[in-house]
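The values are calculated or read from the model by the stated rules, or taken from the named source; none is laboratory data. In this text the structure is predicted, and so the values were computed from the model without any measurement. We place every Cβ from the backbone using ideal geometry, glycine too, and count neighbours over all the protein chains shown.
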Amino acid sequence: MDSSTRRRATRQKLYEAAVTLIAEQGFSATTVDEIAERAGVAKGTVYYNFASKTVLFEELLRHGVGLLTASLRTAAEETAARGGSRVDALDAMIRAGLLFIDRYPAFTQLYVAELWRTNRAWQDTLLVVRQEAVAVVEEVLREAVETGELSPEVDIPLTAAALVGMVLVAALDWQSFQRERSIDEVHGALSLLLQGRVSGRGAGLGPSCA
């Protein structure tokens, strides 16, 4: 294993330790000593990789949201490669988001909690990475409007944010209070919302749904 591979592995261990501890007890209450102990490394290793606990947290946000963004983009690209519609791509992105949250529940809890705070040193970083994730959804929505799959009246930035927020909140509720449900059930319920079929009228998200 070369040095760059070792460093990536070490940083991954530190991310996992930090996100678990901070989700459990908060940022302020979590110490670098605890992060090092949970990761199974020396305290100096933390500072070798990150200048401070705040920098570690900023990089954790970049890393975690980067994984989410990549999973959303992959879902959209794979749907397009299969010849699916843009609405199909949005549906696949919902499932990809649920799979991500199921795999990284502690990070998701942390990320959602931080979205509500405005006095953190990493607020600018959070805004940047949040926009990167939402932008992937915006791109598919924009294409759907341009091709006539969705109404031109769709507010793309707000709708993209609403879809991402829907997945985050629904998945956290699932993780916390409805664990007996399968991911297929949760995805199915959100798919109905996406396609506008909850009312039972089958209006869908096509050009006619003004």
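Here Leu158 passes the criteria (1) modelled with pLDDT under 95; (2) in a helix (DSSP H, G or I); (3) exposed (fewer than 15 other Cβ atoms within 10 Å of the Cβ) except the one numbered (1).
Flag set for Glu132, criterion: within 18 Å of the chain's Cα centre (by Cα), acidic (Asp, Glu) and in a helix (DSSP H, G or I). The residues on offer are Thr54, Thr5, and the sole one that is surrounded by fewer than 19 Cβ atoms within 10 Å (Cβ to Cβ), among the β-branched types (Val, Ile, Thr) and either within 24 Å of Val128 (Cβ to Cβ) or assigned by TED's automatic domain parsing to the domain that holds Arg130 (or both) is Thr54. In this structure, Thr10 does satisfy being more than 18 Å from Trp122 (Cβ to Cβ), among the polar types (S, T, N, Q) and touching a residue at least 12 places away in the same chain (Cβ under 8 Å). From the list Thr30, Thr20, the one residue that fits, being of a type outside the set (Gly, Ala, Ser), modelled with pLDDT under 95 and over 21 Å from the mean Cα position of the chain (by Cα), is Thr30. The number of residues in segment 108-140 being touching a Leu at 6+ places or on another chain (Cβ under 8 Å) and aromatic (Phe, Trp, Tyr) comes to 2. You will find that of Thr74, Thr69, the residue that is assigned to a helix (DSSP H, G or I) and either surrounded by 15 or more Cβ atoms within 10 Å (Cβ to Cβ) or not assigned by TED's automatic domain parsing to the domain that holds Arg142 (or both) is Thr69 and no other. A search for C-beta distances below 7 Å between a residue of segment 37-48 that is assigned to a helix (DSSP H, G or I) and any residue that is surrounded by fewer than 14 Cβ atoms within 10 Å (Cβ to Cβ) and acidic (Asp, Glu), counting only pairs 6+ apart in sequence or on different chains, returns Lys43/Asp33.
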